[in-house]
1. Evaluate the following for Asp42: is it more than 30 Å from Leu1 (Cβ to Cβ) and open to solvent by 40 Å² or more (accessible area, probe 1.4 Å)?
2. Among (1) under 14 Å from the mean Cα position of the chain (by Cα); (2) open to solvent by less than 80 Å² (accessible area, probe 1.4 Å), which single condition is Arg67 missing?
3. Residue by residue through the stretch 59-84, note down the ones that are among the β-branched types (Val, Ile, Thr) and out of contact with any strand residue (DSSP E or B) (no Cβ under 8 Å at 6 or more places or on another chain).
4. Is the stretch 28-40 home to any residue that is assigned to a helix (DSSP H, G or I), of a type outside the set (Phe, Trp, Tyr) and in contact (Cβ under 8 Å) with a residue 40 or more places away in the chain?
5. Considering only residues that are open to solvent by 40 Å² or more (accessible area, probe 1.4 Å) and part of a helix (DSSP H, G or I), which ones fall in the stretch 1-19?
6. Which pairs do you get when a residue that is under 16 Å from Arg30 (Cα atoms) and part of a loop (DSSP other than H, G, I, E, B), found in the stretch 46-73, comes within reach of a residue that is at pLDDT below 95 and among the charged types (D, E, K, R), reach meaning Cβ atoms under 9 angstrom, with the pair 6+ apart or on two chains?
7. Determine whether the stretch 42-55 contains at least one residue that is modelled with pLDDT under 95 and farther than 22 Å from Leu12 by Cα.
8. Please specify each residue of the stretch 24-56 satisfying the condition of being within 21 Å of Pro78 (Cα to Cα) and among the basic types (Lys, Arg).
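The values are calculated or read from the model by the stated rules, or taken from the named source; none is laboratory data. Quantities reported herein were computed from a predicted structural model and do not represent experimental measurements. Cβ atoms come from the backbone with ideal geometry, glycine included; neighbour counts cover every protein chain shown. Heads up: the accessible areas ignore ligands, DNA and RNA and are worked out on the full protein's heavy atoms, side chains in. Shrake-Rupley method; radii C 1.70, N 1.55, O 1.52, S 1.80 Å.
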Amino acid sequence: LTEVGKIFKPALRRDAARRVFAAALAPLERDGIEVAVEVAEDGLRGDVATVTLTAAPDTPRAETEARVLDILGGFAIPHEVRWA
């Protein structure tokens, strides 16, 4: 809430985006890849989603990143992929 008691819509939008991104990436978790999504404001690009992936060392990273980018390619919010 804001100081005057109204709903703070930017935080609400970020939470909704985080949930949608996490739901879209859920199939990766069935393949043993842990996915964490955080959406935060970037001064230049507006809201940006950061996707952090954790997987076994033998997981093909390039293929997994390509898969993530393919899944998230239709979203208007910019996104970044990182490995833990």
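1. Values: more than 30 Å from Leu1 (Cβ to Cβ): no; open to solvent by 40 Å² or more (accessible area, probe 1.4 Å): yes.
So Asp42 fails the test.
2. If we test Arg67 against (1) under 14 Å from the mean Cα position of the chain (by Cα); (2) open to solvent by less than 80 Å² (accessible area, probe 1.4 Å), just (2) comes out false.
3. Here is the first cut: in the stretch 59-84, the ones among the β-branched types (Val, Ile, Thr) are 59, 64, 68, 71, 77, 81.
Matches in the stretch 59-84: Thr59, Ile71.
4. The first filter runs over the stretch 28-40 and keeps only residues assigned to a helix (DSSP H, G or I), leaving 28-30.
Then keep just the ones that are of a type outside the set (Phe, Trp, Tyr); that gives 28-30.
Now restrict to residues that are in contact (Cβ under 8 Å) with a residue 40 or more places away in the chain: 28.
There is at least one residue in the stretch 28-40 that is assigned to a helix (DSSP H, G or I), of a type outside the set (Phe, Trp, Tyr) and in contact (Cβ under 8 Å) with a residue 40 or more places away in the chain.
5. Lys9, Ala11, Leu12, Arg13, Arg14, Asp15, Ala16, Arg18, Arg19
6. Close Cβ pairs (under 9 Å, with a partner that is at pLDDT below 95 and among the charged types (D, E, K, R)) amount to Ala55/Asp31; Ala55/Arg61; Thr59/Asp31.
7. Initially, the stretch 42-55 is screened for residues modelled with pLDDT under 95, giving 42-46, 55.
Then drop every residue that is not farther than 22 Å from Leu12 by Cα, which leaves 55.
Within the stretch 42-55, one or more residues are modelled with pLDDT under 95 and farther than 22 Å from Leu12 by Cα.
8. Start the filter on the stretch 24-56 by keeping residues that are within 21 Å of Pro78 (Cα to Cα), which leaves 24-28, 34-54.
Matches in the stretch 24-56: Arg45 only.
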